[in-house]
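The values are calculated or read from the model by the stated rules, or taken from the named source; none is laboratory data. Predicted model, so just to flag it, every value in this text is computed and none were measured. Here the Cβ positions follow ideal geometry from the backbone for every residue, glycine too, while neighbour counts run over all protein chains shown. Side chains are part of the model used for accessible areas, which takes the heavy atoms of the whole protein and leaves out ligands, DNA and RNA. Shrake-Rupley method; radii C 1.70, N 1.55, O 1.52, S 1.80 Å.
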Amino acid sequence: MLYSIQDVAPFVAIYFIVYHLAINLIVLSLFVAVILDNLELEEDVKMIKQLKTREASAETQQQLPWRLRVFERFPDHPQMIELSRLPHEFSIPKIRDSFMRQFLNQDDIYTIPLELSMNMYSKRNAVRTLHTTEHRPTGESMKRTAVLNIIKNVNNQRLLSGDASQIHLASVGDNKLSIYVQQNKIRLHRKNSMRRSGYKPKPVHTIRENGDINALQGRIQDDYDIKVFQYRQQQAELKRNQQEEDLRENHPYFDTPLFAISRESNFRKFCQLVVEARYNVTPKDRLGQDAKINRYKEGHKFLDLVTYLEWIMITVTILSAVSMSFETPSNRVIDQPLLQITEYIFVIFMSVELTLKVFANGLFFTPKALIRDFSGILDVGFFLISLIYLCWLPRSVPANSAAQFLMLLRSARPLRIIILVPDMRKVVYEVCRGFKEILLVSILLVVLMFIFAIYGVQIIGGQLARCNDRTYYKQQGLCRGTFWRELYVSKMNVTGADPVMLVPRVWANPHNFNFDYIGSAMLALFEVLSLEGWLEIRDIIMDRMGPEHAIFVHIFVFIGTLVGLTLFVGVVIANYSENKGTALLTVDQRRWMDLKGRIKLAQPLRTPPRPENNKFRSYVFDITQTKMFKKSSAVLVLLNCALLYKPWKPKEKITQISALISSVFTFLFLVEATMKCIALGVVGYWQSRRNRFDLLVTILGIAWIVLNIISMGQNDLQEFSNTFGFTVIILRFFTIAGKHATLKMLMLTIIVSFFKSFFIILGMFLLMLVYAFAGVILFGCVKFGPELGRHANFKTVPNAIVLLMRIVTGEDWNKIMHDCMVVPPRCTRGGSYWESDCGNSTASILYFCSFYIIITYIVLNLLVAIIMENFSLFYSNEEDALLSYTDIRHFQTVWNMIDTGRKGLIPARRVKFLLRLLRGRLEVDAEKLYKHMCYEIEKLNNGSDVTFHDVLNMLAYRSVDIRKSLQFEELLAREELEYLIEEEVAKLTIRNWLNKCLKRIKAKDQTNVIKSLQRGNELAFFREAQHAITTNEALRKTATNDSSSIEDRQQLQQQQQQQQQTQSQKEIAKRKLDRTTTLPTPSSDISNPNYRLQPGLREIPSETKGSKRPATHPQLQQNISLTFSTDDSYSWRSWEGAHHLNTRKDIESWWANQLDTST
């Protein structure tokens, strides 16, 4: 059975598509993966490289650059001051450190213990010098000790006078540790005693002097390493600062801009203020603390990226680049006044900028000089080039002249934006740091090409030339004269035979390549290495030398492309990752980086709670939250997008049917939006950005339905309606990403990859802009060729950018290069480059090859590296992750319960409740970490509102072992924060415990005082009762016996007087007690209502702060004095009648004993 071409064509297309995807995207990617896996370092090697990097950074920081060390070769010449006042009118002068160091033994300085060396320049240790004992020097040390005593006395006087800005520790021989060092030791022991997350330290075996093996715990070794590196960094910074201070003291011209402006002049301070002024990303609040910015953080960080002066220069540079884009060979600066004005503006602004920077920081021989690195040299170079060109403005610019070279240098002006932006400068620095490895791989590829080029020159060289006349195709001796050549014209109405023209016979090589000498052979092999034009080279070699020589090309393609080029790509990616720091990360550190990426991608759910008070809304809410509802919505979106399988054209039946079905889908989406509004509420629905986008697309769909109904019968309006309709369907397709968690995370990963590679993409665009400016100058007037035409040319800057975008993809870049290499007699030269239509062979090779290597082999591979790094977040194993997506989802759910406002912010006091609701890996230990985490949140946010990512980051830090997961700098900062939090929490715990203890002691003392007072009150009551009984009894005796003697009356009066004295002493003691102690109410034992207050006494409140005691009767008060009531109903009468006669003396003796005990 035979099949037609139409039947087989789809299967053939599928075959080649699958083959291309399998070979080009899978096999080549496997090559890159294998090379990257071979370039991957082991865990131990990574740790060693990290340590070496830290050591190198510490050693580099302590060395001054050679431009500053020049002053050390000159003799010291301290600046002298003329005195105009008496000596006693001056404050104590500061002793120069360089002068003091002349009298000190350098060996003693560098043998200081580690603890003292770290605090050599600490201000708090200066207090110890006030109490250092003095020893009388003898022998050779007398001179040095005398100087030390002088310096010590001066520093002591300065300290007492309040000037202690630079007091150094003079008594270096003291072996006693300062409080700061002891505190560090306490922290170190506390840190060693901690066991976080079940981490078991790995024992490291060390050999003692006697040969025994000692096991040193890995954690202690890590502490030692971190301590050593931290000490080295501090010492390197101190040494560098000390060297600068010595130069500043001994050389008056050091740190003086242009050797004319003094260091402390007001003019220099003004220039520094202008140069260093920038946007403050952390403004101050009313209390003077750092105010936290919760909204538009990225915008504030972007404004803080550079200073105000650099922002102005970035704007001026962009305007200048826009002005340069209008320059063409026919539209030159010298003929356009507007272009000249923009050139003058750029030169004036840059001259002002460089002048301010020179006056503020110096030109070359100052610490912050303008020319302190390569970027400063480029700044000065750009300024000088622009200034020379503006002063010259040549009217005639011959090709390959100095004027054209000056214009080429001027076209590099957009690169100044890379110098001004720190992040772009950092990317360039990270790429250039690995230039050594890239250069080695490039040398390997060049050697490989050189070997194959030698073989090609020896075997193929000189054998590819043929005659253009097919009659004498292989006969070089007969290939001369002219012949008639037919012209094959396809787009002209020519009847009869094809036209012919007379052309000379030429014996020549192929137009694009040859192997006659080593240079052309290597150029041809480089084109083959890029997989552009290699089929043409292979076919020509097979046609003119035989099929057996085609193996040469295939072997080079396999070795050069699949091995050499893949190795180059792998080295570029690995080198960039290593310089950036990601290649040296261990497994735990990489997991931590992935976790931070996941946290950054996570966002609050912003889903309102289920409306329990409304049954209908609750029912609709349950429907909208089911998986079936979400899947059905996604299926509707896919079916709606499937309607675009054929183009929508007016007056076609299939278009009308598709529009009708799409209208039905739009109404279904409207029903979906309505159900969500009912379930979530209007406010809750609007809080989600995805819901807003869905609602916008739905409204556009309703508008399209109305427009489609109106446009019936109108062709023009119907075409616009169809265009608007399938645009809405395409926008609807983007909503499917938010309907599935995996797709949403994938889209967020792509967005994060774009933002991380933003500066690389911007740098690539600036580089393309520079090449476009240079291409207009070099090839703007070159005559058109086979590939260089009206759609692909360098006549204007926009056309050049479009052509360079085509070269980035590698599409026929070599053919465009050969078209730009045209030379006479195929072109005509002129006086200036815009009067000539010839190219430049050398410039063309350098231009196109360098652009292709930089863009295709380096920049694009950097983008691949960044995308691979970010997609590792998505494809990483959930079991190996420190926190899985399930844990993050659980936190999002708990946060959604706490964040009732759906704003992504909650008060700091609600974090305590949130931490108690977490479960799984995020569950917080209430006994150990709960207080620490609450205090950390309050400290980092100053008591203000807390964001979603603040709490999640804190939980992430607390859920991992920071010793294994964090890098050195981040580990130091985190440990310092945790130590501070531990100290503050310990202080708060001790303070609360002491307050509770004091309250208990105070309550106990108050209880004892109360009991004593009660006993005193009862004794006073007894005395009053006794006095009343005695008085009544005496009155009764007087009434019954009028003939009592005078002695009995006197005795009774004496007893009354003694009773009054006793009562007055008791009242005095009670007043003293009232002035010193505030007592609670008495116990409820004395609850008889016949007790009442004396009218002259004051009432004191019965509650004391913080005391806990049982409730008392409301009628009882503090510090009261009771009197006995004469009411007959009081129970004391019955007690008196029954016991007065028999037990009076016993009761009196018992109350006397109680009184003695209380006193």
Quiz item: segment 409-556: percent of C-alpha pairs farther apart than 28 Å?
Solution: 50
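Around Asp716, under 15 Å between beta carbons, what's the net of Lys plus Arg minus Asp minus Glu among the other residues?
Details: positive: Lys649, Lys651; negative: Glu719.
Result for the neighbourhood of Asp716: +1.
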Quiz item: Hey, what does the equivalent ellipsoid look like for segment 587-648, semi-axes from the Cα gyration tensor as sqrt of 5 times each eigenvalue, largest first, whole Å?
Solution: 33, 28, 9
Self-check item: Summed side-chain charge close to Trp834 - residues other than Trp834 whose Cβ falls under 14 Å, Lys, Arg +1, Asp, Glu -1
Solution: +1
Self-check item: Unsatisfied cross-links (Cα-Cα over 27 Å) in the set Lys676/Lys912; Lys368/Lys426; Lys357/Lys596; Lys939/Lys1004; Lys596/Lys744
Solution: Lys676/Lys912; Lys357/Lys596; Lys939/Lys1004
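Go through segment 646-722 and name the trypsin sites (Lys or Arg not before Pro) that are in a DSSP coil and have 16 or fewer other Cβ atoms within 10 Å of their Cβ.
On the way: sites: Lys651, Lys653, Lys676, Arg689, Arg690, Arg692; in loops: Lys651.
Here the trypsin sites (Lys or Arg not before Pro) that fit, given the DSSP loop and packing criteria, are Lys651.
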Practice problem: Whenever you get a sec, line up Met324, Met868, Met675 from highest to lowest accessible area (probe 1.4 Å, protein heavy atoms). | Solution: Met868, Met675, Met324
Exercise. State, in angstrom, two size descriptors of segment 786-867 derived from its alpha carbons: Rg to one decimal place and Dmax to the nearest whole number.
Key: 14.5, 50
